[in-house]
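The values are calculated or read from the model by the stated rules, or taken from the named source; none is laboratory data. Please read these numbers as outputs of a predicted model, since none were measured by experiment. Don't worry about glycine lacking a Cβ; one is built from the backbone with ideal geometry, like all the others, and counts go over all protein chains shown.
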Amino acid sequence: MPAFSNAQYYWVQFQDKNNSPYSVDRPSEFLSLKSIGRRARQGIAVNATDFPVNPEYRAQILNQDNVKLHHASKWLNGLAVESSDSNSIKAIIDLPFVREVKALYIPLDGKKLQTLQSNKFEDDELTVPFQYGLAQGQIEMFNLQALHSKGLYGEGIWIGVFDSGFNLVDTIDHFDHLYKEERLVSQHDLVDKDDSDLGIHNHGRLVLSCMAAFSQGKIIGSAPKSMYSLFRTEDAASERLIEEINWVAAAEMADSMGIDIFNTSLGYTRFSNDTGGVDELTSWTWDDLDGNTSYITRGADMAAQKGILVVNSAGNSGSNSWKYIGMPADGDSVLAIGATDSSRWRSGFSSFGRGSDARVKPNVMAQGSYVYVSGLDSNGNSMVGFNFGTSFSSPLTAGAAACLWQANPDLTAWELKSIIEESSTQFNYPDTIHGYGIPDFGKAYELATQQEEFSSKLFPNPSDGIVHLKYFLPENGDLELEIFDISGKKTESKKFFGYKGKNIQSFDFSNLSSGLYLLKLKNVFFQEVLRLELLPKE
């Protein structure tokens with residue numbers, strides 16, 4: 001193990017979650033009711049990945065001398081710890097339940113944020129003030145006005161924004177409605193652990209404005225009526241592997257809270273050492289860009305498995321030596337967003353997908369050049385200016401997805417992602433430059449409506465026992481309905497015959513206890529998972 005002379009962050013990977021005190025039968029001990037409901041609505045069973053790390057393992061790690069917890073991750077099953085005591089780190093490596101210990105971060109001694117020169121975000125400062133209506137083009141590029149005109153502004157959808165800082169959000173009047181309507185739900189600092197002030201950097205505020213800004217005639221974001229929680233996971237002063245663990249910790253927190261969509265305008269590939277060069281020990285390589293390797297990608301895909309739509313900027317490396325998307329944009333289940341200019345041509349900085357496998361990356365494109373965002377002018381007045389980067393094409397798309405999900409709340413996150421892709425301009429001939437192309441959210445709305453017409457429904461739901469199932473069959477055939485409790489245990493199954501077209505079949509579930517159940521309906525043509533809530537017996 002390399003020796004470090006100053007304080008160091010390490011990742012401690014556990015072998016298992018054996019002897020856990022948690023149970024799938026008691027999910028409310030570690031998940032919010034909204035999070036449990038999101039899983040049930042999308043047919044996702046609670047499982048051991050939802051359990052917090054084994055408390056006994058955690059205690060043995062933190063009982064070592066000079067070891068302090070930074071973050072725990074239930075999805076990755078490990079701890080990020082801070083320690084400068086090499087003897088304690090060696091003792092941790094020798095524990096029988098520890099699989100691996102990996103160095104994450106060497107702090108930059110004595111350097112303050114304001115003295116560092118960071119070029120991580122291109123053109124972060126607003127450049128030119130404009131007058132009214134300049135956000136119109138970026139909304140109309142993917143026909144989002146078709147949803148806005150129906151009163152679909154993302155209401156009821158909760159978006160988590162993962163970024164480097166959100167300064168001036170409480171000052172710029174474009175965000176006043178978030179405070180007045182109590183839709184800025186919470187803010188969390190996973191870097192310095194000071195939730196009271198996330199204003200250390202401006203990038204997150206610019207990103208947030210693409211979705212949440214609302215100033216009639218000046219700037220309207222893609223989802224101005226959604227709820228928002230802000231998470232600072234990125235340390236803008238440096239680029240270190242610990243930031244991936246910060247992100248996973250934030251994602252687990254957001255999942256437990258019940259958040260529906262993540263927007264992340266960040267990406268990781270190469271990390272810095274304490275002299276400003278590349279830290280080869282912690283950096284990723286092109287071969288690692290496989291959708292399964294980095295901490296943040298594994299966390300992002302796990303979030304998608306929990307029913308969350310994960311939207312991520314593809315990256316701004318298209319014109320430099322790396323060229324390709326970053327992590328977690330490489331995740332199989334992540335909706336990675338490339339950038340175009342206002343004329344729908346690919347922006348030169350927009351990262352390419354990796355062409356060596358079957359994954360389509362980037363997934364789709366949205367405007368990323370000359371995107372209009374919120375700021376303050378030299379007199380302290382709210383203003384609209386333009387900026388560049390896939391950092392802004394991502395939130396525009398995330399907000400549009402919220403509007404589509406508002407219209408079709410029964411869609412799963414995977415169905416929502418697939419419909420957005422299917423609505424895009426080159427769905428039938430994707431490539432590693434544009435992915436599936438630019439979405440058309442008017443078309444996506446029609447696709448979702450068609451899916452709604454032919455999808456299965458249970459009613460009444462919740463029910464006191466008697467339930468009717470509406471379903472559609474393309475041809476006559478036998479069907480099976482399997483019933484699972486929320487832990488994933490199969491309780492019974494029912495077989496029946498259905499006719500071509502729309503059908504209604506009735507069932508009596510009064511023999512089952514009250515609670516949430518997952519019903520898997522399947523035959524040779526399709527398979528669907530439905531949620532059923534049975535009410536307590538009077």
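A few comments on the model shown:
- Entry remark, segment 226-265: residues being over 25 Å from Asp288 (Cα atoms) and aliphatic (A, V, I, L, M) number 7 in total.
- Residue selected from segment 56-106 under the condition acidic (Asp, Glu) and touching a strand residue (DSSP E or B) at 6+ places or on another chain (Cβ under 8 Å), by the criterion farthest from Ala254 (Cα to Cα): Glu100
- Residues within segment 370-398 that are polar (S, T, N, Q), in contact with a strand residue (DSSP E or B) (Cβ under 8 Å, 6 or more places away or on another chain) and either surrounded by fewer than 24 Cβ atoms within 10 Å (Cβ to Cβ) or outside the structural domain of His434 (by TED's automatic domain parsing) (or both), tallied: 1
- Which numbered condition Leu516 fails, given (1) touching a residue at least 60 places away in the same chain (Cβ under 8 Å); (2) under 30 Å from Glu475 (Cβ atoms): (2)
- From the list Asp195, Asp235, the lone residue that is surrounded by fewer than 22 Cβ atoms within 10 Å (Cβ to Cβ), charged (D, E, K, R) and either in contact (Cβ under 8 Å) with a residue 60 or more places away in the chain or not in a helix (DSSP H, G or I) (or both) is Asp195.
- Qualifying position, being modelled with pLDDT of 95 or more and closer than 25 Å to Leu416 by Cα, among Gly501, Gly488, Gly437: Gly437
- Listed here are the strands (runs of 3 or more DSSP E) enclosed by segment 494-535 that have at least 1 residues being in contact with a strand residue (DSSP E or B) (Cβ under 6 Å, 6 or more places away or on another chain) and of a type in the set (Phe, Trp, Tyr): 501-508, 515-522.
- Verdict on Gly307 being over 28 Å from Gly37 (Cα atoms) and assigned by TED's automatic domain parsing to the domain that holds Asp163: no
- Looking only at segment 391-427, and only at residues there that are assigned to a helix (DSSP H, G or I) and of a type in the set (S, T, N, Q), the one that is nearest to Asp332 (Cα to Cα): Ser418
- Leu206 being in a helix (DSSP H, G or I) and aliphatic (A, V, I, L, M): yes
- Scanning segment 301-328 for residues that are among the small types (Gly, Ala, Ser), under 30 Å from Trp345 (Cα atoms) and touching a helix residue (DSSP H, G or I) at 6+ places or on another chain (Cβ under 7 Å) turns up Ala304, Ser313, Ala314, Gly315.
- So Ile219, is it over 25 Å from Leu396 (Cβ atoms), buried (at least 24 other Cβ atoms within 10 Å of the Cβ), modelled with pLDDT under 95 and assigned by TED's automatic domain parsing to the domain that holds Ala402: no
- Residue that is farthest from the chain's Cα centre (by Cα), among those in segment 454-478 that are assigned to a loop (DSSP other than H, G, I, E, B) and closer than 18 Å to Val524 by Cβ: Asn476
- Residue count for segment 49-80, restricted to those that are in contact with a Ser or Thr (Cβ under 7 Å, 6 or more places away or on another chain), free of Cβ contacts under 8 Å to residues at least 60 places away in the same chain and hydrophobic (A, V, I, L, M, F, W, C): 2
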